[in-house]
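Trainee: Next up is a structure, given as structure tokens.
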């Protein structure tokens, strides 16, 4: 079996760069999402994503409802797993509960914060239309989403 395509970049690019890219992407994708309103509940908390098979640790903290890169060190919550398991989580190909209960992803640290982070992952049901409208405005966002949805529907019909 071939290694996951993200393994090499995770191994050779410094973790601080990953933290910056992850925070920027996550903050952008949060625009228009109900999940964004729940982040302030863990304001000031730090999280470490430990990707075991890449020997990578991505540290960030929640600050005013946004993710900010953070220096390596102790974290309130540490989530660890293999790159493939994080990919399954990110693409929603696997339910977060299944990944945690089967110990493919492990969460440790402050219990209250850990439960909150896990619940956020469970509640993640991405609303692309809301995102398009928040980023591009009501009119342009609605039109862009319609084009996006048509392309998805055509791709699904072709498969």
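Here, each number is a calculation from the coordinates, and none is a lab measurement. Since the structure is predicted, the reported quantities are computational estimates derived from the model, not experimental observations. No Cβ is skipped: glycine too gets one built from the backbone with ideal geometry, and neighbour counts run over all protein chains shown.
Trainee: Which residue fluctuates the most in the chain, going by a Gaussian network model with Cα springs under 10 Å, if the choices are 89, 29, 136?
Mentor: So, out of 89, 29, 136, the one fluctuating most is 136.
Trainee: DSSP beta bridges in the chain, what fraction antiparallel, as a percent rounded to 5?
Mentor: If we restrict to bridges inside the chain, about 75 percent are antiparallel.
Trainee: Can you match Rg/Rh (Cα atoms, Kirkwood Rh) to one of these, (i) 0.99; (ii) 1.27; (iii) 0.96, based on a calculation from the structure here?
Mentor: Checked against the structure: label (i).
Trainee: Could you give the length gained on full extension between residue 95 and residue 136, defined as 0.36 nm per residue of separation minus the Cα-Cα distance, in nm?
Mentor: Full extension of this stretch gives 11.7 nm more.
Trainee: While we're here: Sorted by mean Cβ packing within 10 Å, highest first, what order do the peptides 112-119, 8-15 take?
Mentor: 112-119, 8-15
Trainee: Give me the one-decimal nm value for the distance between modelled label points at residue 103 and residue 53, 7 Å along each residue's Cα-to-Cβ direction.
Mentor: 1.8
Trainee: By per-residue mean of other Cβ atoms within 10 Å, what is the highest-first order of 90-96, 31-37, 129-135?
Mentor: The packing order, highest mean first, is 129-135, 31-37, 90-96.
Trainee: Taking only C-alpha pairs under 8 Å that are 6+ residues apart, what is the relative contact order of the chain in percent?
Mentor: 21
Trainee: Then there's this: Taking 7 Å along the Cα-to-C-beta vector as the label spot, tell me the residue 155-residue 119 distance in nanometres, rounded to one decimal.
Mentor: Placing both labels 7 Å beyond Cα along the Cβ direction yields 3.3 nm.
Trainee: Test of understanding: extend the Cα→C-beta vector of residue 110 to 7 Å, then name every residue of region 45-73 with backbone N under 12 Å from that spot.
Mentor: 45-48, 61-63
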